[in-house]
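Written below as structure tokens is the structure these notes are about.
The values are calculated or read from the model by the stated rules, or taken from the named source; none is laboratory data. Quantities reported herein were computed from a predicted structural model and do not represent experimental measurements. Heads up, the Cβs are rebuilt from the backbone with ideal geometry, glycines too, and the neighbour counts pull from every protein chain shown. Note: areas computed on protein heavy atoms with side chains; ligands, DNA, RNA excluded. Shrake-Rupley method; radii C 1.70, N 1.55, O 1.52, S 1.80 Å.
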Amino acid sequence: MSIDLSHFSFSNPELFVDPYPIYQKIRERDPFHHSQMYGGSWILFQYEDAAALLRSDKLTNNRALLPILALPESQRDEFSGFVDFLRTWTAFHEGDEHMLRRRRMDEVFRALTPAVVGHAVEEIADDLIDRWSSRSRVDLVADYAQPLPALLLTRLMGAPEGDHEKLSEWADAIAYLFGTSDLDADDVRRARDSADALMSYLRQLASDMSRLPESSILGGLLAGGGSGFDFSTAEACAQCVLLLFAGLEPSRHLIGSAVLALEKFPEQRTLLDEDPHLWPSAVEEFLRFDPPVQYIGRLAAESFRYQGHRIHKGQAVLPLVGSANRDPKNYREPDVLDVRRRVKNLSMGTGIHRCIGAGMVRVQTSVALRRLMDRKQGLRVCADTPPVWNSYVGFHGLKTLMVTT
């Protein structure tokens, strides 16, 4: 297996199915790798570097410009308004502004306890399984892994569940901006138009507070809190746009990749059947073994030197958690799935910018997988139909996974 290191890209087809052998080669030969992506960026392949720089104040999470850096400079001005919109996301703030917004969002998420989320996931999972329970073969992605998080987030957002497909379609267009690196202006226009459509939808939803449960995410963001910071209607809706795309991609891909991993390591499924208490550590291992979000984007807040390299202010610095989580310096037998493993991973970030919805993703994945395995104990991946993967690796996940039930 070979790859042109000078053209490493999240859009390289060689990475779509199994990027980890290539990561290993680059990790050994060029672990702090300079790429031509985003006009020149640095990719961190080792765990030690990724963990260190994710916590470094030399990098900023104010990365609304990152997708636009993939375009020629002559095309970027068209999207200045879209970049301004992305900058309203709490995740892209720093310092006191970030902490104020984060505290307010944490207040809302505290209401989404594991019991609340788990109960909703069980209901949705059972309904989806009931729809195809009489069929001997199903596409686990289309019939389970994809609709489940969309239905859950639509319900938790306070929107009618029947709208989950269009919300998912809009969110996917935005996610594409951060999943691939070979973007053109039409890709960014689609994402911008989808964000506009989502904002219009959410503003309409917010306009009738009497019908919007305060226990919902949007209702909670619009209600007054005790953190000392309140979102405007536009800001609350913008946070929901972020949560939709950032919440859908990890969960749907993690469910599919976990089923595929358990097929490859059947003894691990036996362990889970024998000891359900292993499920929390199993979800962490699924996140480590094949993280749905392969990299965490950052920009250099200042120019600095690291490992003998000069990083210039404004350059993209991309800790590649997909590679870091397989670093043998940090994990024993990193290419083996072990649901009893207790070592932490970087899949949901670390430090003050760790994923705000990480707890919900973990609960959702655990309950969805347990429900699936309990009700479909004979479920197996079809040997005669190869899985189909995303055509980009920033979000690594399946488009199709045929299984027998």
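Residues in the range 7-35 that are free of Cβ contacts under 8 Å to residues at least 40 places away in the same chain, open to solvent by 50 Å² or more (accessible area, probe 1.4 Å) and farther than 19 Å from ILE68 by Cα: GLU14, ASP18, LYS25, GLU28, ARG29. Answer yes or no as to whether TYR38 is within 25 Å of PHE304 (Cα to Cα), among the hydroxyl-bearing types (Ser, Thr, Tyr), open to solvent by less than 40 Å² (accessible area, probe 1.4 Å) and touching a helix residue (DSSP H, G or I) at 6+ places or on another chain (Cβ under 7 Å). Yes, satisfied. Within the range 47-57, which residues are open to solvent by 30 Å² or more (accessible area, probe 1.4 Å), within 21 Å of PRO291 (Cα to Cα) and of a type outside the set (Phe, Trp, Tyr)? GLU48, ALA52, ARG55, listed by residue number. Considering only residues in the range 79-94 that are under 20 Å from the mean Cα position of the chain (by Cα) and under 20 Å from ALA358 (Cβ atoms), the one that is surrounded by the most Cβ atoms within 10 Å (Cβ to Cβ) turns out to be THR90. For the range 373-388, the criterion of being surrounded by 16 or more Cβ atoms within 10 Å (Cβ to Cβ), among the aliphatic types (A, V, I, L, M) and in a helix (DSSP H, G or I) is met by at least one residue. None of ALA324, ALA368 is farther than 13 Å from ALA258 by Cβ and open to solvent by less than 50 Å² (accessible area, probe 1.4 Å) except ALA324. Picking from residues in the range 95-126 that are within 28 Å of GLY256 (Cα to Cα) and more than 21 Å from the chain's Cα centre (by Cα), the one that is least open to solvent (accessible area, probe 1.4 Å) is ASP126. Scanning the range 162-178 for residues that are open to solvent by 60 Å² or more (accessible area, probe 1.4 Å) and of a type in the set (Gly, Ala, Ser) yields one hit, GLY162. Number of residues in the range 310-336 that are farther than 11 Å from TYR47 by Cβ and in contact with a Lys or Arg (Cβ under 6 Å, 6 or more places away or on another chain): the value is 1. Is it the case that the range 131-139 has a residue that's surrounded by 19 or more Cβ atoms within 10 Å (Cβ to Cβ), farther than 18 Å from MET348 by Cα and of a type in the set (Asp, Glu)? Yes, the range 131-139 contains a residue that is surrounded by 19 or more Cβ atoms within 10 Å (Cβ to Cβ), farther than 18 Å from MET348 by Cα and of a type in the set (Asp, Glu). Only one of the numbered conditions (1) over 24 Å from ARG362 (Cα atoms); (2) buried (at least 21 other Cβ atoms within 10 Å of the Cβ) is not met by ALA223, and that is (2). The set of residues in the range 302-313 that are open to solvent by less than 40 Å² (accessible area, probe 1.4 Å) and under 27 Å from the mean Cα position of the chain (by Cα) contains only ILE311.
Of all residues in the range 179-200, those satisfying the criterion of being at pLDDT 95 or above and buried (at least 18 other Cβ atoms within 10 Å of the Cβ) are VAL188, ALA191, ARG192, SER194, ALA195, LEU198.
The rows are residues; the columns are (1) more than 20 Å from the chain's Cα centre (by Cα); (2) over 17 Å from ALA238 (Cβ atoms).
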position	(1), (2)
GLU161	yes, yes
LYS166	no, yes
TRP170	no, no
ALA175	no, no
GLY179	no, yes
VAL188	no, yes
ALA197	yes, no
SER200	yes, no
